[in-house]
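The values are calculated or read from the model by the stated rules, or taken from the named source; none is laboratory data. Being a predicted model, the structure only gives us computed values, none of them experimental. Counting neighbours? That spans all protein chains shown, and the Cβs are built from the backbone with ideal geometry, glycine included. Protein only, heavy atoms only, side chains kept; ligands, DNA and RNA dropped before computing areas. Shrake-Rupley method; radii C 1.70, N 1.55, O 1.52, S 1.80 Å.
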Amino acid sequence: MTTYKIGVIKGDGIGPEVTAEGIKVLEATAELEGFDTELVEYPYSSEHYLKTGDLVPDSVIEEWRGLDAVLLGAIGHPDVEPGLVERSVILGLRFGLDLYVNLRPIKLYSEHLCPLKDKGPDDIEFVVVRENTEGLYSQIGGHLKKNTPDEIALVNGLYTWKGCERACRYAFELAQKRGREREAAGIADRLPRVTLVDKANAIRPHDLWTRAYKHVARDFPAIETDHAYVDACCMWMVKNPEWFDVIVTTNLFGDIITDLGAMLQGGMGIAASGNIHPGQTSMFEPVHGSAPKYAGKNVACPLGAISATSMMLDYLGETSGAQRIERAVGDLLRSGEVPSADARSGIATSDMGDMVVSWLTALPAREGSG
Ligand code: IPM
Ligand code: MN
């Protein structure tokens with residue numbers, strides 16, 4: 001039996017609660033699908049930092065390279081300087097393991113979760129490929145004459161040909177795969193399309209993205225090319241979300257548009273992401289943060305963390321297990337038992353995990369009887 005060695009960082013706030021449900025669903029899936037997991041827990045979080053003063057040491061990043069994958073809950077605490085622990089843990093993983101793609105599916109499972117008028121699951125089904133190691137997240141910059149009226153704060157938006165090219169290539173390959181899957185499912189109603197989202201009119205160095213995108217597009221003649229400035233992209237995501245198939249964009253723009261995307265899916269509680277370097281240890285997490293006001297109350301929606309485990313299994317090649325979780329989450333949401341995918345659903349975090357497990361356990365029977 002295959003055993004996957006998974007690092008688990010539960011983190012802060014609602015992180016531990018939602019991660020527990022992700023693991024509950026992961027273990028139920030492992031049993032049904034016939035694989036094993038070995039979980040290695042890491043304490044890194046703001047709470048741990050407040051207690052010990054420890055951030056993630058380089059030796060631990062080295063150790064993570066030896067894992068099959070890492071699951072992360074959420075990082076962030078009101079008593080710690082903003083971003084300090086996030087940079088160490090989240091960016092430590094993304095930059096340290098060179099996880100150059102942040103894959104963020106935007107998928108509406110059930111119409112009742114959608115805030116848009118007259119839009120349904122057929123209209124909201126796209127994926128954002130967020131470049132994950134460069135851009136305004138480069139951490140190259142600083143302050144001069146700090147705390148004086150002459151202070152200068154400088155941050156460099158850093159883009160490399162390699163970084164743009166590999167993100168674009170990932171996006172085109174993904175569009176090709178999605179096109180083939182739609183064809184196999186008999187719903188090839190549209191050509192695969194990759195939309196480049198940037199701000200190359202105002203930020204001229206984004207022209208590097210334009211060129212890298214065009215360079216990669218030449219290798220994929222069957223895929224429709226498309227472009228939107230990020231401001232217009234926000235407008236289109238609300239007006240015509242059905243236009244989008246795969247979006248490729250910079251680190252910061254990807255961060256911003258995927259919060260908007262999460263709302264189209266039903267809320268921050270449901271959105272999941274994979275921080276990926278194909279072929280290497282990758283990290284999976286819900287898109288939401290630590291939501292301190294809901295911490296410890298057993299009210300947070302764990303569906304984002306649960307869907308992150310599905311993305312992890314897909315990445316590990318456990319396709320059937322991944323699909324099983326995705327189907328169960330979809331079936332649960334379509335059943336109408338979950339009024340909203342947020343802390344006001346009236347369903348306890350732990351109950352929601354149990355509900356997903358019961359749907360996924362029932363799947364083969366339902367398929368057989370259907
Ligand atoms: C996300 C988060 C992080 C980001 C923060 C916590 C550093 O917002 O994963 O989207 O900006 O990438
Ligand atoms: Mn974000």
Next item on the list: Treating each Cα of region 234-296 as an identical point scatterer and ignoring solvent, apply the Debye formula and state log10 I(q)/I(0) at q = 0.19, 0.24, 0.28 Å⁻¹.
Entry: -0.87, -1.17, -1.32
Check: For the chain, modelled as a GNM with alpha-carbon contacts under 10 angstrom, which of PHE220, PHE284, PHE95 fluctuates the most?
Finding: PHE220
Item checked: the chain: antiparallel DSSP beta bridges as a percent of all, rounded to 5 -> 40
Margin query: Can you give me the accessible area per residue for the chain, using a 1.4 Å probe, in Å²?
Written below: 44
Check: Any idea how far apart ASP54 and MET235 come out in nm if each label point goes 7 Å out from Cα toward Cβ?
Finding: 5.1
Check: Once you charge only the Cβ atoms, +1 for Lys and Arg and -1 for Asp and Glu, what is the size of the charge dipole of region 101-227 about its Cα centre, to the nearest 20 debye?
Finding: 320
Checklist line | At least 18 Å along the helix axis (C-alpha) and Kyte average at least 0.0, DSSP helices within the chain | finding: 15-33, 251-265, 303-316, 349-369
Notebook entry, point to check: Given 0.36 nm per residue, what is the gain on full extension from LEU32 to ASP351 after removing their alpha carbon distance, in nm?
Noted result: 112.8 nm
Checklist line | Whichever aspartates and glutamates have a C-alpha closer than 13 Å to that of LYS119, once near sequence neighbours (fewer than 8 apart) are set aside | finding: GLU111, GLU242
Notebook entry, point to check: Say R0 is 51 Å: what FRET efficiency, to the nearest 0.05, do THR225 and ILE152 get from their beta-carbon distance?
Noted result: 0.80
Check: Cα centroid distance between region 82-149 and region 201-246, in Å?
Finding: 17
Notebook entry, point to check: Can you give the extra length, in nm with one decimal, that the chain gains between LEU260 and LYS214 once fully stretched, where that is 0.36 nm per residue apart less the Cα-Cα distance?
Noted result: 13.9 nm
Margin query: What does the net charge come to around SER282 if you take all other residues with beta carbon closer than 12 Å to its beta carbon, with K and R at +1 and D and E at -1?
Written below: -2
Margin query: To check my understanding: the extent here is largest minus smallest coordinate of the Cα atoms along each principal axis. What are those three numbers for the chain, in Å, largest first?
Written below: 68, 54, 42
Note to self: For the pair GLN323/THR361, report the inter-label distance in nm, with labels modelled 7 Å from Cα in the Cβ direction.
What the structure shows: 2.3
Margin query: Please enumerate, by chain and number, the lysines with C-alpha under 27 Å from the C-alpha of LYS293, excluding those fewer than 8 residues away in the same chain.
Written below: LYS10, LYS24, LYS51, LYS107
Notebook entry, point to check: When the dipole is taken about the Cα centre of the chain, and only Lys, Arg (+1) and Asp, Glu (-1) are charged at their Cβ, what size is it in debye, to the nearest 20?
Noted result: 880
Check: In nm, to one decimal, how far is the modelled label at LYS145 from the one at THR3, with both set 7 Å along Cα→Cβ?
Finding: 6.1
Margin query: Under 10 Å, Cα contacts only: if you run a Gaussian network model on the chain, which one of MET352, MET237, MET312 comes out with the highest mean-square fluctuation?
Written below: MET237
Next item on the list: Compare the Cα positions of GLY83, ALA291, SER59 along the charge dipole of the chain (+1 at Cβ of Lys, Arg; -1 at Cβ of Asp, Glu; about the Cα centre) and return the one farthest towards the positive end.
Entry: GLY83
Notebook entry, point to check: Which of the aspartates and glutamates could be linked to LYS239 by a straight reach, that is with a Cα gap under 12 Å, when you skip same-chain ones fewer than 8 residues away?
Noted result: ASP118, ASP123
Next item on the list: Over the chain, with every protein chain in place, what whole percent of the accessible area is carbon and sulfur at 1.4 Å, could you tell me?
Entry: 52
